[in-house]
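Note sheet for the following structure.
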Amino acid sequence: MKDIEVKWDTGGYDAMLLGQIEPNHVRSFPRGVLRVDPRLKLKRKSRDPKSAPVRRRDAERTKAEILAAGIREFSERGLNGARVDSIAGRTRTNKRMIYYYFKSKRGLYLAVLEDAYRRIREAEKQLRLDDLPPGEAIRTLAEFTFDYHWRNPQLAKLVVIENVHKGKYLSRSETISSFNLSIIDAIAKVLRRGAEEGVLRRDIDPVELHMTVSALSLFHVTNRYTFGTVFRRDMVSAEAVAQRKKEIVDIISRYVSV
């Protein structure tokens, strides 16, 4: 007489719902696999339709947790140095669920990149630049960009890592271009309003301006240790950060103003 293996889900997802199993039904429990008497008729409980949204929320929570662990792992160790075992160890899930959702380590890496860009774009939308006078809108964007990169250095690290790979993985994204256009559209609208009101220059390319603001802000994150060491300059104290932020905002404001 052979045993029947009842496989239990280890990630809390799509587990078979069974009736209650009494202790006398259990034949053995080797290596974490429950074996029951094959003559036992297990009754599957009917699924509650209301449980579907709960399972979806659990799935989204699991994916978000994996992405959060992934951004830490990839930003610290790069794509080649990152380990799926280590990412799983940072979460409450396991390798199987990581592969289930993201297919591979490189699939997860791309998802992490997309999520990092999505987060900054979503944060920029909260600035409501259309509601501000053009000059103030540009200053607000410059201030926000500096603060965001300083407070989220993992994004800068991921950008550097992906540039080492010459944009190979980001180029495979089907969404990266579409949701990054939002910031260019927002800048273009501000520049157009400013030109019509006679307070901003008419010859500024919104992509070039975005590149300049990002470059100035990212430099203080990516080069703070090397630049600080070479020139023996404080780059990390609150006073130094505030001064650098003021310099950048002033540079950008004067550049765009008539």
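The values are calculated or read from the model by the stated rules, or taken from the named source; none is laboratory data. A quick note: this is a predicted structure, and the numbers were derived from the prediction, not measured. Heads up, the Cβs are rebuilt from the backbone with ideal geometry, glycines too, and the neighbour counts pull from every protein chain shown.
Could you please find all residues in the stretch 126-154 being without any contact (Cβ under 8 Å) to a residue 40 or more places away in the chain and among the β-branched types (Val, Ile, Thr)?
Across the stretch 126-154, the qualifying residue is only Thr140.
When you go through Glu143, Glu174 one by one, which is the residue that is surrounded by 15 or more Cβ atoms within 10 Å (Cβ to Cβ) and either closer than 30 Å to Ala68 by Cα or in contact with a His (Cβ under 7 Å, 6 or more places away or on another chain) (or both)?
Numbers: Glu174 fails: surrounded by 15 or more Cβ atoms within 10 Å (Cβ to Cβ).
Testing whether each residue is surrounded by 15 or more Cβ atoms within 10 Å (Cβ to Cβ) and either closer than 30 Å to Ala68 by Cα or in contact with a His (Cβ under 7 Å, 6 or more places away or on another chain) (or both) leaves just Glu143.
Condition test on Thr175, is it modelled with pLDDT of 95 or more and either assigned by TED's automatic domain parsing to the domain that holds Thr140 or closer than 19 Å to Asp130 by Cβ (or both)? Walk me through how you get there before you give the answer.
Values: modelled with pLDDT of 95 or more: no; either assigned by TED's automatic domain parsing to the domain that holds Thr140 or closer than 19 Å to Asp130 by Cβ (or both): yes.
Here the answer is no, as Thr175 does not meet what is asked.
Just the residues that are in a helix (DSSP H, G or I) and among the basic types (Lys, Arg), please, taken from the stretch 229-257. Full working, then the answer.
Kept after step one, since they are in a helix (DSSP H, G or I), are these residues of the stretch 229-257: 229-230, 238-256.
Hits for the stretch 229-257 are Arg244, Lys245, Lys246, Arg254.
Need the failing condition index for Glu174 against (1) part of a helix (DSSP H, G or I); (2) under 30 Å from Gly107 (Cβ atoms); (3) not hydrophobic (A, V, I, L, M, F, W, C), just the number.
Unmet for Glu174, out of (1) part of a helix (DSSP H, G or I); (2) under 30 Å from Gly107 (Cβ atoms); (3) not hydrophobic (A, V, I, L, M, F, W, C): (1).
So, of the residues in the stretch 220-250 that are of a type in the set (D, E, K, R) and closer than 11 Å to Trp150 by Cβ, which turns out to be farthest from the chain's Cα centre (by Cα)? Explain how you work it out, then say what you get.
If we filter the stretch 220-250 for residues that are of a type in the set (D, E, K, R), which is where we start, we get 224, 232-234, 239, 244-247, 250.
If we keep only those that are closer than 11 Å to Trp150 by Cβ too, we end up with 224, 244-245.
Details: Arg224: 23, Arg244: 26, Lys245: 24 Å.
The residue in question is Arg244.
Report the residue count in the stretch 64-99 for those that are under 19 Å from Leu158 (Cα atoms) and either in contact with a Ser or Thr (Cβ under 8 Å, 6 or more places away or on another chain) or part of a helix (DSSP H, G or I) (or both). Break it down stepwise before answering.
Filtering the stretch 64-99 for residues under 19 Å from Leu158 (Cα atoms) gives 64-84, 86-87, 90.
Checking which are either in contact with a Ser or Thr (Cβ under 8 Å, 6 or more places away or on another chain) or part of a helix (DSSP H, G or I) (or both) leaves us with 64-81, 84, 86-87.
Residues that pass the stated criteria total 21.
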